[in-house]
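Okay, so here's the structure we're looking at.
The values are calculated or read from the model by the stated rules, or taken from the named source; none is laboratory data. Keep in mind the model is a prediction, meaning the values are calculated, not measured. Virtual Cβ from ideal backbone geometry, glycine too; neighbours counted across all protein chains shown. Remember, those area values only see protein heavy atoms, side chains included, never the ligands or the DNA or RNA. Shrake-Rupley method; radii C 1.70, N 1.55, O 1.52, S 1.80 Å.
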Amino acid sequence: MIEKMHEKSNGIVFKVIFTLISISFVLGGIGAGLTGVDSSAVKVNGEEISQQAFNSAKGRQQNVMNEQMGERFWDLLDNPVYVEQFHQSILDSLVEDELLRQYAKELKLGVSADQIKAQIVNTPAFHQDGKFDNQLYQNALRNAGITPDGYASIVYEGLLFAQIQEGIVNSNFSVPVQQELLAKLLLQKRTVRLATFPVANEVANQTVSAEELQKFYDEHKDSFINPEQMAVEYVTITPAELAKNVQVTDDQINTYYETNKAKYVTTGEARVAHIQVANEADAQAIEQALKNGEDFAKIAKEKSADKLSATQGGDLGWAKPGVFPKAFEDTANGLQAGQFSQPVKIDGNFHIIKVLERKTESAIPLEQVKSQISETIRSELVLNEYANVTREMANQAFESSGSLENVAKAANTQAHKVAVFTRETIPAELSNEKVVRALFDTEIGANGQNSEAIEIGDSANPKTIFVRSFDYKAQAAKTFDEAKGAIEQMVKLQKAQAALLAKAKTQVEALQKGENLSLPFGEAQDLVFAQAQTQSPELLQAIFAMAKPTDKPVYQASQNGNGDIVIIALDKVVDGKAEEFKPLATQIAQADQVILRNELLQDLRSRAKIEYNQDFIDQMNNTKQ
């Protein structure tokens, strides 16, 4: 969590957050902190985390997950177990933030308004040609979605938690002896030769009795299961299949153009500047100076309390309607290019506003947008037809619940069938999580009833499917006769491995005594402990547990990941050196910091009183997402 907030103030995530900032931050200054009390989602040592805060965090996380996973994320939200885990992760994150916030208060850590402003000015995302660019900053703020208080809180906590993170970094150190020991172990190199004896070759030599098969079956009966299976009939429909029935007329195009004329007008913009001061007397004095002919930009640089725009002579850049607070915008709308306003009070400060330039709006001729409008109308008509058809299909699915024949007729299409399958062998036509859950996690798989409409497309390419199972068989234990073939192979495999392993151990004893055996050892290979962990773990565990050789190789019998028997010849062991460890030191230190952070949070949690609003949590988990 510390690292997450640290990244908010220094990493790419923080740059993205800045692009969502409200323009009102410029006008109103930095907020005083999060305000507003709501019923709680959770309390941490008596401090409420509001349901509003939870919902805001949830919305942000949903946006992140949507960017990462797209429609798959929204499909997962149909799964109650996933929803519960998703909500719990958000609550955990909020609780950890609050614990760190309280810990910072206990340590008397703080962040000033000047530090927050400096963070903005020094953010590379707002730099042009190596320095802060107010126009770039203003452009990033225009599509704002965060309040000034919310924005200030993000920056504040980013810097605050960074101080805690810095404390963890400074408290984490390792002495040379520790690094030398880590190097010796992690970078240890072992030279081995391997003689592999494939178990498959030995299986063919094994025989099993009827008694052995029965005994194995009785001991492992729960392992031999016929999974739930079914055949399925399905019907699908997409808007594209219905598009051929839709025609767009000139009258429809003309009507749409006239009805939506506002869409086909280039919006007027104004480039505005302002001078912000704290009291009316100062504002009136500045107004008089401007009337006397003094330069607006010069006064803004010298006297405006909004230091970010002051550096640009008060210039706030180009803005479309709706960007600034209403009082600010109403005042600017009453000015011609080059005019400045009387002092106007906004958010507790006084502003003198000047319109530097204006761009007027103009209508776009119908001929220029006719094809665009035609496609828009066509898309709407097709989607309307799609909605109507799928609604009628759903009605037919309900009314004729044991057949998809009428469902297919409603869409003027055909039903399709797929042969029997299990959950592990889903056919491509039905390979969708919603469909799989409907068939295997609800009653429709077993009762052969039609499903409801299942949306399996995405927002760009909608697609609806209806399914119905038949030839259904529930999960059931296999009889001995059904499992006999698999049992025979398993018993033979076990006997083959035991035989090969016993033989290998005898050969190892002979090798340890110095006897010369003709075994299929491969070429010598060097294995480094830290790098070899991604390879066969069973075999490597045996190799790095073997005693170090002295004047002759050490031998041991083991198994690889395929179950084959392997005789290991360990020829040499070379411990890692401290200088070789240096490239890994940073990674190890970062891992240690994560451990320390987790230990800190664990300690804070253990000493905290955390009270969850279970009613709210239950409501969230049971609400359609």
- Query: For K117, which lysines qualify as cross-link partners when the Cα separation must be under 19 Å and same-chain residues fewer than eight apart are set aside?
  - Reply: K8, K15, K131, K301, K303, K307
- Do the sum for the chain: with -39,500 (n - 2.57) for every DSSP H run of n ≥ 4, divided by all residues, what is the mean residue ellipticity at 222 nm, to the nearest 500 deg cm²/dmol? -16000 deg cm²/dmol
- At a Förster distance of 35 Å, what's the computed FRET efficiency of E399 paired with D615, Cβ-Cβ distance as r, to 0.05? 0.35
- Message: At a 10 angstrom cut-off on C-beta neighbours, averaged per residue, how do the peptides 512-523, 485-496, 114-125 rank from highest to lowest?
- Response: 485-496, 114-125, 512-523
- Distances over 31 Å make up what percent of all Cα-Cα pairs in the chain? 74 percent
- Item | Of all accessible heavy-atom area on the chain, the percent that carbon and sulfur account for (1.4 Å) | 49 percent
- Message: Could you compute how fast region 353-426 diffuses translationally, taking Rh as the Kirkwood radius over C-alpha pairs and applying Stokes-Einstein at 10 °C with viscosity 1.306 mPa s? Give it in µm² per second.
- Response: 91 µm²/s
- Roughly how many Å² is the accessible area per residue of region 349-409, as a whole number, for a 1.4 Å probe? 58 Å²
- Message: Counting heavy atoms of the protein chains only and a 1.4 Å probe, report the per residue accessible area for region 423-568 as a whole number of Å².
- Response: 57 Å²
- Task: Would you list, by chain and number, the aspartates and glutamates whose Cα falls below 17 Å from the Cα of K417, excluding same-chain residues fewer than 8 positions away?
- Result: E233, E405, E429, D471
- Task: Can you work out the accessible area per residue across region 255-326, with the rest of the protein chains kept in place, probe 1.4 Å, in square angstrom?
- Result: 51 Å²
- Message: Of T506, V192, T376, which is farthest towards the positive pole of the chain's charge dipole, taken about the Cα centre with +1 and -1 on the beta-carbons of Lys, Arg and Asp, Glu respectively?
- Response: V192
- Query: Which pairs, out of K298/K320; K58/K345; K58/K263, put more than 30 Å between their alpha-carbon atoms?
  - Reply: K58/K345; K58/K263
- Given 284-292, 269-277, 223-231, the highest-first ranking by average Cβ count within 10 Å works out to 269-277, 223-231, 284-292
